[in-house]
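Participant: What follows is a structure written as C-alpha cells; I'll ask about it next.
The values are calculated or read from the model by the stated rules, or taken from the named source; none is laboratory data. Since the structure is predicted, the reported quantities are computational estimates derived from the model, not experimental observations. Ideal geometry is used to build each Cβ from the backbone, glycine not excepted, and the neighbour counts take in all protein chains shown.
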C-alpha cells in the first residue's frame, strides 16, 4: 500500500464444517440427533475449545516464521462483537435489496 498504513490483524474463521468435522470425529458424532443428545451448549463449547487451541498453535507458528502480525487485536468470527457487526451489515443489505439470488 503505497503511502498508507495497513494494519496486519490476524483473523480466524470459526464457523463451518472444518470445526464441526473435527469435533464430530473426536466425539464420535454421526447424526444431528447425536448432537442434540450431547447438548447444543456442550457441542458449541467443544467447537470453541478447538478454535482456541488452533489459534494458539497458529500464533506460535506464525511468530516463529517472522511475520509481523497483530495477534493482540485479532478477530474471531465467533466473537459476539464480530457477529453483531456482520449481522447488522447483512440486515442492512437485505433491507436495501442488495443481495441477489441467482444460479450458476
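Participant: Residue by residue through the stretch 52-78, note down the ones that are surrounded by fewer than 10 Cβ atoms within 10 Å (Cβ to Cβ), over 22 Å from residue 18 (Cβ atoms), free of Cβ contacts under 8 Å to residues at least 24 places away in the same chain and more than 17 Å from the chain's Cα centre (by Cα).
Facilitator: If the condition is that a residue be surrounded by fewer than 10 Cβ atoms within 10 Å (Cβ to Cβ), over 22 Å from residue 18 (Cβ atoms), free of Cβ contacts under 8 Å to residues at least 24 places away in the same chain and more than 17 Å from the chain's Cα centre (by Cα), then 64, 66 are the ones that fit.
Participant: A follow-up question, please. Which numbered condition in (1) more than 30 Å from residue 6 (Cβ to Cβ); (2) part of a strand (DSSP E or B) is the only one that residue 75 fails?
Facilitator: (1)
Participant: Would the stretch 31-53 turn up any residue that is on the phi < 0 side of the Ramachandran plot and assigned to a loop (DSSP other than H, G, I, E, B)?
Facilitator: Quick first cut of the stretch 31-53, residues on the phi < 0 side of the Ramachandran plot only: 31-38, 40-53.
Okay, now just the ones that are also assigned to a loop (DSSP other than H, G, I, E, B), so 31.
Within the stretch 31-53, one or more residues are on the phi < 0 side of the Ramachandran plot and assigned to a loop (DSSP other than H, G, I, E, B).
Participant: What are the pairs, 6+ residues apart or on separate chains, where a residue within the stretch 12-36 that is surrounded by 10 or more Cβ atoms within 10 Å (Cβ to Cβ) has its Cβ under 6 Å from a residue that is assigned to a loop (DSSP other than H, G, I, E, B) and modelled with pLDDT under 95?
Facilitator: Taking only residues 6 or more apart or on different chains, the pairs are 13/77; 14/77; 14/78; 15/77.
Participant: Scan the stretch 79-92 and report the pairs whose first residue is assigned to a helix (DSSP H, G or I) and whose second residue is surrounded by 12 or more Cβ atoms within 10 Å (Cβ to Cβ), with Cβ atoms within less than 8 Å and a gap of 6+ or a chain change.
Facilitator: 82/75; 82/76; 83/77; 86/77
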